[in-house]
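> To start, I am sharing the structure in question, which I have written as structure tokens.
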Amino acid sequence: MDPSIRDKYETVIGLEVHAQLSTLSKIYAADSTAYGMPPNTNISIISLAHPGTLPRLNRKVVELAIRMGLACRSEISREQIFDRKNYFYPDLPKGYQLTQDRTPICVGGFVAIETSDGRREIPLNRVHIEEDAGKSIHTEGETDTLVDLNRAGVGLIEIVTEPALRSPVEAGAFLTEVRRLVRYLGICDGNMEEGSLRCDANVSVRLHGASAYGRKVEIKNLNSIKNVQKAIAFEVERQVGMVEKGEEVLSETRLFNVDSGRTYGMRTKEELNDYRYFPDPDLSPLHVSEEWLQEIQASMPRLPWETKKKLVHDYGLPDYDAGVLTDSKELAVYFEEVCEHTSQYKAVSNWIMGPLKSWMKEQETSNIPLAPERLAQVVHLVGEGRLSFSIASQKLFPALINDPQTNAEDLVHKLGLIHDTNDDSIAELVDQIMLDYPDKVKEYRSSKKAKGLIGMFMGELMKRSKGKADPKKANELLLNKLG
């Protein structure tokens with residue numbers, strides 16, 4: 001599509017993010033919430049809705065939901081009821097969903113995002129509690145649908161934004177921040193691949209300057225940040241194209257096909273009154289007392305922006321470093337643990353952002369392979385000039401991962417990696433290199449590309465010394481001999 005046509009329109013996006021809460025049991029029953037169990041094993045007469053069974057609210061679900069509300073500066077509802085949402089759920093045996101319609105646990109608030117356009121506070125409409133549905137499995141070539149009820153009844157919060165997002169980039173940034181936030185709070189593992197964090201996107205377009213919203217389309221069950229952005233981008237193009245042709249955009253529910261990169265219609269959108277909400281008669285109203293709220297407030301962990309501020313203020317890290325480290329709660333915690341064993345804070349940051357993150361990415365793991373004191377030992381060896389960073393990162397670091405119980409210094413001696421600080425042996429290497437490269441020496445002394453040639457000489461020296469020459473001494477000797 002011609003960008004000039006698309007730029008006539010404003011994109012309006014609202015997100016509904018479902019976060020599966022990290023509780024050991026389900027929201028209204030004692031069934032396990034463990035992921036990856038054989039189908040239909042985490043069930044009971046309550047989750048199967050046998051006649052005569054009654055739900056009982058899981059207190060932990062409420063506490064985790066309030067944590068999210070406090071982190072988002074929402075107002076916490078003190079008096080709440082639960083509602084039945086009547087809708088055909090083939091994978092919820094009750095045939096309705098227990099949710100919060102009129103009294104969401106958290107009202108208002110915002111989530112702050114950062115993009116290339118700067119910082120924005122995305123307003124929230126609500127955060128409410130509800131139960132998850134099971135999983136319908138459609139096997140290719142089969143006419144029957146398989147149902148796994150392990151997930152049915154697992155506690156969720158649904159984080160609903162106002163229609164305030166204006167681009168796929170902002171939507172991705174919002175979802176990234178929510179995932180980071182729930183992980184810091186310890187309320188959800190944020191694994192979109194496993195379905196514990198899912199997103200529905202409501203998308204419409206309107207001419208710039210228009211006050212009325214366009215016809216909204218909901219894209220369901222997006223399970224990665226990249227897919228959220230791709231689905232929204234396609235849907236915007238589709239809707240703008242239809243409006244330009246004078247066609248009507250249907251209010252419908254659509255799905256996103258990852259392979260084709262296109263959305264396709266699933267069903268026309270239900271009106272709210274089709275759900276026929278009414279208070280559930282089997283669950284008592286929920287009262288959040290001042291004492292309970294203060295108890296939850298006191299147990300709140302340090303939030304990402306608070307951690308970032310501490311890394312800058314207490315450890316003197318640049319804002320960039322602090323931002324990278326606080327992207328992951330585990331890395332931020334690990335940084336502080338390593339710093340308990342050393343005061344070389346910037347060096348620790350460099351090691352975590354460099355070799356450590358690279359190794360974790362290559363191994364496709366979130367597990368940190370080295371104990372904090374081991375990385376601190378490596379930082380000290382390099383800082384004292386006994387080992388170059390390149391040798392430490394290329395040889396010592398992998399060796400420590402394979403032998404994590406061994407002291408770093410012992411491993412250095414075992415592998416013969418310690419720096420050669422003997423002036424005579426380094427001087428001999430310098431002399432030999434100058435004899436082997438007389439043209440380069442002449443070029444250096446004529447001041448042509450001197451800076452680049454020093455790098456060439458140093459590289460050759462480190463190569464011939466097998467990385468053992470002390471870089472500082474080697475550089476001094478080179479400069480002296482080259483004049």
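The values are calculated or read from the model by the stated rules, or taken from the named source; none is laboratory data. Everything numeric in this text was worked out from a predicted model, so none of it was measured. Here Cβ is always computed from backbone atoms with ideal geometry, including for glycine, and neighbour counts include all displayed protein chains.
> If you go through the range 181-201 one residue at a time, do you hit one that is under 30 Å from Val243 (Cα atoms) and not charged (D, E, K, R)?
Yes, because at least one residue in the range 181-201 is under 30 Å from Val243 (Cα atoms) and not charged (D, E, K, R).
> Next up: Which of (1) out of contact with any Leu (no Cβ under 7 Å at 6 or more places or on another chain); (2) under 30 Å from Thr41 (Cα atoms); (3) assigned to a strand (DSSP E or B); (4) not hydrophobic (A, V, I, L, M, F, W, C) does Glu130 not meet, given it meets every other one?
For Glu130, the exception is condition (1).
> Could you check the range 136-169 and list, in sequence order, the residues that are modelled with pLDDT under 90 and either under 20 Å from Phe82 (Cα atoms) or in a strand (DSSP E or B) (or both)?
Those that are modelled with pLDDT under 90 and either under 20 Å from Phe82 (Cα atoms) or in a strand (DSSP E or B) (or both): Ser136, Ile137, His138, Thr145.
> On to the next question. Condition first: free of Cβ contacts under 8 Å to residues at least 40 places away in the same chain and of a type in the set (Ser, Thr, Tyr). Now tell me which residues in the range 59-98 satisfy that.
Residue satisfying the conditions is Tyr96 alone.
Residues checked against (1) modelled with pLDDT under 95; (2) among the small types (Gly, Ala, Ser); (3) farther than 21 Å from Leu175 by Cβ:
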site: Phe234; (1), (2), (3): no, no, no
site: Glu248; (1), (2), (3): yes, no, yes
site: Arg262; (1), (2), (3): yes, no, no
site: Arg267; (1), (2), (3): yes, no, yes
site: Asn273; (1), (2), (3): yes, no, yes
site: Arg276; (1), (2), (3): yes, no, yes
site: Ser289; (1), (2), (3): no, yes, yes
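> Take the residues of the range 135-189 that are over 24 Å from Ala71 (Cβ atoms) and touching a helix residue (DSSP H, G or I) at 6+ places or on another chain (Cβ under 9 Å): which is surrounded by the most Cβ atoms within 10 Å (Cβ to Cβ)?
Of the range 135-189, the ones over 24 Å from Ala71 (Cβ atoms) are 135-153, 167-168.
Those still in the list that are touching a helix residue (DSSP H, G or I) at 6+ places or on another chain (Cβ under 9 Å) too: 167-168.
Numbers: Ser167: 17, Pro168: 22.
Filtering the range 135-189 for residues that are over 24 Å from Ala71 (Cβ atoms) and touching a helix residue (DSSP H, G or I) at 6+ places or on another chain (Cβ under 9 Å), the one surrounded by the most Cβ atoms within 10 Å (Cβ to Cβ) comes out as Pro168.
Residue by residue, here is whether (1) surrounded by fewer than 20 Cβ atoms within 10 Å (Cβ to Cβ); (2) within 16 Å of the chain's Cα centre (by Cα); (3) of a type outside the set (A, V, I, L, M) holds:
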position	(1), (2), (3)
Trp305	yes, yes, yes
Val312	yes, no, no
Gly316	yes, no, yes
Asp321	no, no, yes
Asp327	yes, yes, yes
His341	yes, no, yes
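> All but one of (1) within 26 Å of Asn221 (Cβ to Cβ); (2) surrounded by 13 or more Cβ atoms within 10 Å (Cβ to Cβ) hold for Leu293, so report the exception by its number.
Against the list (1) within 26 Å of Asn221 (Cβ to Cβ); (2) surrounded by 13 or more Cβ atoms within 10 Å (Cβ to Cβ), Leu293 comes up short only on (1).
> Determine, yes or no, whether Glu16 is under 28 Å from Ser136 (Cβ atoms), at pLDDT 95 or above and touching a Cys at 6+ places or on another chain (Cβ under 9 Å).
yes
> Return the residue satisfying two criteria in turn: it lies in the range 29-43 and is among the hydroxyl-bearing types (Ser, Thr, Tyr) and at pLDDT 95 or above, and of such residues it is surrounded by the fewest Cβ atoms within 10 Å (Cβ to Cβ). Spell out how you get there, then give the answer.
Going through the range 29-43, the residues among the hydroxyl-bearing types (Ser, Thr, Tyr) turn out to be 32-33, 35, 41.
Those left that are additionally at pLDDT 95 or above: 32-33, 41.
On the way: Ser32: 17, Thr33: 22, Thr41: 12.
Checked the range 29-43; the qualifying residue surrounded by the fewest Cβ atoms within 10 Å (Cβ to Cβ) is Thr41.
> Filter the range 4-28 for residues that are among the hydrophobic types (A, V, I, L, M, F, W, C) and surrounded by 22 or more Cβ atoms within 10 Å (Cβ to Cβ); which is farthest from Gly155 (Cα to Cα)?
Ranking the candidates gives Ile13 first.
> Which one is farthest from Gln344 (Cα to Cα) among residues in the range 355-400 that are exposed (fewer than 14 other Cβ atoms within 10 Å of the Cβ) and touching a helix residue (DSSP H, G or I) at 6+ places or on another chain (Cβ under 7 Å)?
For the range 355-400, the residue satisfying everything is Ser366.
> Right, next: Let me spell it out: the conditions are (1) at pLDDT below 95; (2) not in a loop (DSSP other than H, G, I, E, B), and Ala65 meets all of them except one. Which number is the exception?
Every listed condition holds for Ala65 apart from (1).
> Among the numbered criteria (1) surrounded by 16 or more Cβ atoms within 10 Å (Cβ to Cβ); (2) basic (Lys, Arg); (3) without any contact (Cβ under 8 Å) to a residue 12 or more places away in the chain, which single criterion is violated by Lys245?
Only one criterion in (1) surrounded by 16 or more Cβ atoms within 10 Å (Cβ to Cβ); (2) basic (Lys, Arg); (3) without any contact (Cβ under 8 Å) to a residue 12 or more places away in the chain is unmet by Lys245, namely (1).
> Considering only the range 430-452, state which residues are under 25 Å from Arg386 (Cα atoms), surrounded by 16 or more Cβ atoms within 10 Å (Cβ to Cβ) and modelled with pLDDT of 75 or more.
Within the range 430-452, just Ile433 meets the criteria.
> Pick out the one residue from Ala231, Ala298 that is farther than 30 Å from Val348 by Cβ and in contact with a strand residue (DSSP E or B) (Cβ under 9 Å, 6 or more places away or on another chain).
Unique residue meeting the criteria: Ala231.
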